[in-house]
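Okay, so here's the structure we're looking at.
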Amino acid sequence: MSKKNIKKAVIDHISSKSLSNAQINQLMGLQSISTDKVPVGRSVQYRWVASVAVVVAIMLTTIYLNLSTDLSLDERIGNEVAKNHIKLKPLEVESSSLDVLRHYFTELDFAPIESSLIKPLDKTLLGGRYCSIQGVTAAQLRLKDNKTGKIQSLYQTLYTPDVFTNLPRLEEGQKPITIYSGGLEVDIWVEKGLLFALTRDTQ
Amino acid sequence: MYDKDTLQKLFRYCYALTCNEQNAYDLLQDSLERYIKSDNTTNQPTAYIKRIIHNKFVDDCRRQKIVQFEAMEEENLPTDIDMQALESIVINEDLAGKVLQYLDPGEREIVYFWAVEGFSTSQIAEQLDMPRGSVLSKIYRMRKKLVEHFDESSISVLEVRL
């Protein structure tokens with residue numbers, strides 16, 4: 001086995017790691033939604049263009065925020081979880097056992113549970129990761145629908161009435177509300193003291 | 001907006017921290033989102049996002065209790081220690097990945113700035129916002145733990161300076 005200076009070996013090893021084209025496209029796309037940044041390496045002569053863009057971006061952002069605040073809570077939750085689900089970020093814990101996941105989510109103020117609306121035989125639990133809903137720490141459980149094979153995300157967080165107002169409560173006979181966002185359906189409900197949000201592909 | 005080359009460099013920095021390609025991508029994506037959401041108008045966006053990446057990684061590690069980021073213990077260091085302490089090490093050419101895995105994230109970050117970015121100890125100290133003595137201390141420990149952990153057939157020291 002030939003040997004290398006450790007510096008050269010480290011450079012070669014790290015340089016061998018690179019983003020795939022799909023990942024680059026995703027990151028470029030992520031940046032393209034932001035218009036209020038001065039592009040890296042842009043020469044000074046074009047900065048006035050960037051300044052104008054910033055002013056326009058501020059105006060658009062202001063309009064957007066005004067519109068955003070007009071969104072109802074269920075719409076904001078639906079938009080947030082749909083966006084989060086689409087990213088399909090790597091699972092922090094992989095298991096088909098809810099008990100295993102309950103032991104993993106030690107930073108939560110609650111233990112993830114099964115919902116009466118989801119039949120265990122219909123879904124296979126794949127794992128979970130931490131996330132947040134409207135700034136409240138939550139658990140994201142990833143499920144596979146046994147009939148369609150499609151991946152779904154089930155979000156659970158502690159139901160706090162002062163944060164999550166006017167959401168349907170199963171115990172009071174109400175049915176989940178469905179929000180359409182990002183090509184998905186998101187069912188939202190409150191059950192056993194937890195707020196649930198379940199993504200589904202639009203039929 | 002970061003171009004493709006810059007994104008690749010940032011990804012490699014994330015990889016040096018996480019030692020896992022999927023986690024590196026995740027870290028880069030989250031940091032980029034954080035950067036976009038921030039209202040910073042820095043004229044050094046690459047340095048700024050590296051700071052975001054570093055801080056997010058440290059936060060994540062603390063939250064997930066992956067590694068403890070603790071203050072360095074004082075120890076008696078040789079007075080002539082510098083990057084040459086690492087430079088003198090030669091390893092089997094396929095061992096780099098295992099070496100990085102064996103180092104803790106803080107050590108890997110130093111190795112990254114030294115090897116890939118070509119930083120001096122003073123520049124690394126400035127980048128990581130730590131005393132130069134702490135950087136030297138970590139280098140000393142790294143060299144020691146590498147030589148002790150890996151057998152002589154896979155790692156050796158060309159020049160003994162310690």
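The values are calculated or read from the model by the stated rules, or taken from the named source; none is laboratory data. Computed from a predicted model, the values in this text were never measured in an experiment. Positions of Cβ are generated from backbone atoms using ideal geometry, with glycine treated the same way; all protein chains shown enter the neighbour counts.
Quick check on segment A:118-169: of everything there that is in contact with a strand residue (DSSP E or B) (Cβ under 9 Å, 6 or more places away or on another chain), aliphatic (A, V, I, L, M) and over 18 Å from residue A:189 (Cβ atoms), which residue is surrounded by the most Cβ atoms within 10 Å (Cβ to Cβ)?
Going through the qualifying residues, I end up with A:125.
Select from segment A:1-42 the residues that are hydroxyl-bearing (Ser, Thr, Tyr) and closer than 30 Å to residue B:115 by Cα and write down the one among them that is modelled with the lowest pLDDT.
Keep residues of segment A:1-42 that are hydroxyl-bearing (Ser, Thr, Tyr), which gives A:2, A:15-16, A:18, A:20, A:32, A:34-35.
Going one step further and asking which of them are closer than 30 Å to residue B:115 by Cα, we end up with A:2, A:15-16, A:18, A:20.
Numbers: A:2: 78, A:15: 92, A:16: 92, A:18: 92, A:20: 89.
Of everything passing the filter in segment A:1-42, A:2 is modelled with the lowest pLDDT.
This table checks each residue for (1) surrounded by fewer than 21 Cβ atoms within 10 Å (Cβ to Cβ); (2) in a helix (DSSP H, G or I); (3) within 14 Å of the chain's Cα centre (by Cα).
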{"site": "B:25", "(1), (2), (3)": "no, yes, no"}
{"site": "B:30", "(1), (2), (3)": "yes, yes, no"}
{"site": "B:41", "(1), (2), (3)": "yes, no, no"}
{"site": "B:53", "(1), (2), (3)": "no, yes, yes"}
{"site": "B:60", "(1), (2), (3)": "yes, yes, no"}
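Say whether the condition of being under 11 Å from the mean Cα position of the chain (by Cα) and in a helix (DSSP H, G or I) is met by at least one residue in segment B:86-96. Break it down stepwise before answering.
Applying the first criterion (under 11 Å from the mean Cα position of the chain (by Cα)) to segment B:86-96 yields none.
Checked against the condition, which is being under 11 Å from the mean Cα position of the chain (by Cα) and in a helix (DSSP H, G or I), segment B:86-96 yields no hits at all.
Only one of (1) more than 7 Å from chain A (Cβ to nearest Cβ); (2) in contact with a helix residue (DSSP H, G or I) (Cβ under 7 Å, 6 or more places away or on another chain); (3) assigned to a loop (DSSP other than H, G, I, E, B) is not met by residue B:13, so which one is it?
Evaluating residue B:13 over (1) more than 7 Å from chain A (Cβ to nearest Cβ); (2) in contact with a helix residue (DSSP H, G or I) (Cβ under 7 Å, 6 or more places away or on another chain); (3) assigned to a loop (DSSP other than H, G, I, E, B) leaves (3) as the failure.
Checking the conditions here, which among A:111, A:82 is touching a Gly at 6+ places or on another chain (Cβ under 7 Å) and away from chain B (no Cβ under 14 Å)? Give the derivation first.
Working: A:111 fails: touching a Gly at 6+ places or on another chain (Cβ under 7 Å).
On inspection, the qualifying residue turns out to be A:82.
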